[in-house]
1. Just to be sure I understand the model, the point goes 7 Å from the Cα along the line to the Cβ. What's the resulting residue A:118 to residue B:102 distance in nm?
2. At 1.567 mPa s and 4 °C, plugging the Kirkwood radius over alpha-carbon pairs of the protein assembly as shown into Stokes-Einstein gives what diffusion coefficient in µm²/s?
3. Could you give each residue of segment A:100-115 its phi-based ³J(HN,Hα) in whole Hz, using Karplus coefficients 6.51, -1.76, 1.60 with θ = phi - 60°, and x for Gly or Pro?
4. Per residue of segment A:39-47, in order, report the coupling 6.51 cos²θ - 1.76 cosθ + 1.60 (Karplus, θ = phi - 60°) as ³J(HN,Hα) in whole Hz, putting x for Gly and Pro.
5. If we hang a label 7 Å off Cα along the beta carbon direction at residue A:41, how far is it from the matching labels on the other copies, in nm, shortest first?
6. 222 nm [θ] for chain A, helices only, -39500 (n - 2.57) per DSSP H run of 4+, per residue, to 500?
7. Compute the separation of the alpha-carbon centres of segment A:72-86 and segment B:16-80 and state it in Å as a whole number.
8. What's the magnitude of the charge dipole for chain A around its Cα centre, counting Lys and Arg as +1 and Asp and Glu as -1 at the beta-carbon? Answer in Debye, nearest 20.
There are 2 protein chains.
Amino acid sequence: MIDSLTHAAMDHEEIDYVLDEQVGFLLRQAQQRHTAIFARMMLSDITATQWATLAKLHEIGGCSQNLLGRHVAMDAATIKGVVDRLLARELVVVNADPADSRRLTIDLSEAGRDFVRRAIPIAAAITEETVAPLDRQERETLLGLLARIK
Amino acid sequence: MIDSLTHAAMDHEEIDYVLDEQVGFLLRQAQQRHTAIFARMMLSDITATQWATLAKLHEIGGCSQNLLGRHVAMDAATIKGVVDRLLARELVVVNADPADSRRLTIDLSEAGRDFVRRAIPIAAAITEETVAPLDRQERETLLGLLARIK
DNA sequence: CGTCAACCGTTCGTGCACAAATAGTCAAAT
DNA sequence: ATTTGACTATTTGTGCACGAACGGTTGACG
């Protein structure tokens, strides 16, 4: 009797869906905290996306705008806005590609290179602060898992 | 000689900062993928934040707008926009709180309750798809680590 | 040679996210 | 009873993020 009642209840029972245990909800909150840490610690009100763009230019050197966007996981519309704001701060320079008139070549300006040099230790500290609740092994685990679902 | 050269190099060497290994950059990309999965699978062009709001209302019942925002990790300005869009779709209803004229009470509408019932299995499938590259134990680990840095 | 598919940058519209400022309301302490 | 401080919702402004559409360029292929 109890069994049949239980079984009948199961038939109509909703899936156990608890918002606070969903990976998407947790991802959003983790990123919110990271963004807040970034805004508090980074120089000159540079945002995380702007920093990603500068850091990638520092890694790979000059690059067409769209390709740069692919390197930092931004679509064409987004990278354009980011580059425009970096341009307004004179941290990057834009040149027409003489060999292909479709392309704009984006480079760090001298001020941009200087900024990156000063900001790298801060960016490292931001990462450290973001994962501060985790020990060294847990940090490695988290990076590995995130890389696999990205 | 080699040692002293190495040591001299270390003195001026920049911190090893590789963008693709930074937790913030990986978090953003993981969330981008989740958002894309969500947009592809969810009903009626409901976004992940709108869904979070509906699902939380389903969990806790009616709620003031600001408190609802705190439950779903959105500030007052953000939750207002989300509620406005849900209101335009007639998935929620708004009533003045008779006991406190500052408050607006947000509730699921009948259509909203119906939508949540139909969407819960889909939301569960979206979570499943997001963590599909991970096995059961890795999923648990990821949720635990994210919860600690959120 | 033409054309055609693939690529480049740009623009528009929608939707989060948050800081800061505003105005109204409430409760509690003086 | 007034004031104080906390809370409510709202508005404005800036910055991602992405889909969709556009026009221009390139290179390859028939």
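1. 4.2 nm
2. Details: Rh = 22.1 Å.
Translational D for this selection: 59 µm²/s.
3. Karplus-based 3J(HN,Hα) across segment A:100-115 equals 8, 6, 6, 8, 10, 9, 9, 9, 5, 7, 4, 4, x, 4, 5, 4 Hz.
4. Each residue of segment A:39-47 in turn: 4, 6, 9, 6, 6, 6, 6, 6, 7 Hz.
5. Spelled out, the distances from residue A:41's label point are 3.3 nm.
6. Details: 7 runs with 98 residues, N = 150.
So the calculated ellipticity at 222 nm is -21000 deg cm²/dmol.
7. 22 Å
8. On the way: 17 positive and 22 negative charges, 202 e Å.
With Lys and Arg at +1 and Asp and Glu at -1, about 980 debye.
Only the coordinates and a few stated rules stand behind these numbers; no lab work does. Bear in mind the structure is a predicted one, so any value in this text is a computation, not a measurement. We place every Cβ from the backbone using ideal geometry, glycine too, and count neighbours over all the protein chains shown.
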